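A short worksheet on the structure shown next.
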Amino acid sequence: MDRLENNINKKVYAYIITCINADRHLLVFNHVNSPEAGTQVPGGSVEPGENVVAAVVREAQEETGIENLHFIKKLGVVIRDMTEFGLPEVQERHYFLLRCVDPPDGTWISYEKTPSDGTPGPIAFRFYWARLDKVPELRAGLDEMLPKLMC
């Protein structure tokens, strides 16, 4: 990891929960045109001068199209070497818990208009609510803070 110390990307990730039929659900998504990207949670890069709380709310709203998200708490920070996933960087990942009071039903498609990785946008994401006890495996270690939601 030493060779990557100068290439640290500050990222934020949102675990957005809601209650549906008395069960807690987590918002997840898949890339419509890139199924190999796997299942993920909303997140992205922190902009220069932006604090991480503002960044996670901004990223979650931009990616999901949901405006009524409520910040609950910060879950933690993980430093992750991304070379195992084909990225020559280290990510400083800040995880947050947000709540959606009035969730959209079923599945929906939302578009990331300004991807932080330089990919030309817009990118279509298919969102859906996964029961918290049945969340599919999340790509690139994004499930590393899920145990904090189980208590």
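What follows is calculated from the coordinates using simple rules that are stated; it is not laboratory data. Keep in mind that this is a model prediction, so the values were computed, not measured. Cβ: placed from backbone, ideal geometry, glycine included. Neighbour counts: every protein chain shown.
Sorted fewest first by neighbouring Cβ atoms within 10 angstrom, E67, E89 come out as E67, E89. Of the residues N68, Y13, N30, the one whose Cα sits farthest toward the positive end of the charge dipole of the chain, with +1 on the Cβ of Lys and Arg and -1 on the Cβ of Asp and Glu, is N68.
Our note on the geometry: Cα centres of the stretch 1-75 and the stretch 86-151, 5 Å apart.
Residues whose amide H lies under 5 Å from that of D143, counting only those 5 or more places away or on a different chain, are L138; hydrogens are built 1.01 Å from N in the peptide plane. Sparsely packed loop sites in the stretch 76-149 (the trypsin sites (Lys or Arg not before Pro) outside DSSP H, G, I, E and B with at most 16 other Cβ atoms within 10 Å) comprise K113. Past 19 Å, Cα to Cα, is the threshold; run K10/K148; K74/K148; K113/K134; K10/K134 against it and keep the listed order. Going by Cα-Cα distance, K10/K148; K113/K134; K10/K134 fall outside the 19 Å limit.
Pull up the DSSP beta bridges for the chain and report the antiparallel fraction as a percent, rounded to 5. Of those bridges, close to 75 percent are antiparallel.
Computed from Cα positions, the angle between helix 52-64 and the longest principal axis of the chain comes to roughly 60 degrees. Coupling constants for the stretch 13-20 follow from the phi torsions by the Karplus curve (6.51 cos²θ - 1.76 cosθ + 1.60, θ = phi - 60°), and in residue order they are 9, 10, 8, 9, 10, 7, 10, 10 Hz; glycine and proline get x. Histogrammed with a bin width of 5 Å, the alpha carbon distances of the chain distribute as 2, 9, 19, 24, 23, 15, 7, 2, 1, 0 percent, first bin at zero. In the chain, helical runs assigned H by DSSP with n ≥ 4 each contribute -39500 (n - 2.57); averaged across all residues and rounded to the nearest 500, the mean residue ellipticity at 222 nm is -2500 deg cm²/dmol. Karplus-derived 3J(HN,Hα) values for the stretch 73-87, using 6.51 cos²θ - 1.76 cosθ + 1.60 with θ = phi - 60°, are 6, 7, 8, x, 10, 10, 9, 10, 6, 8, 4, 5, 9, x, 10 Hz; glycine and proline are entered as x. Residues considered: E36, E47, E63. Largest GNM mean-square fluctuation over the chain, using C-alpha springs under 10 Å, is found at E36.
Amide H contacts of I16: L27, L98, each under 5 Å away and 5 or more positions distant or on a separate chain (H built 1.01 Å from N in the peptide plane; Pro and chain starts excluded).
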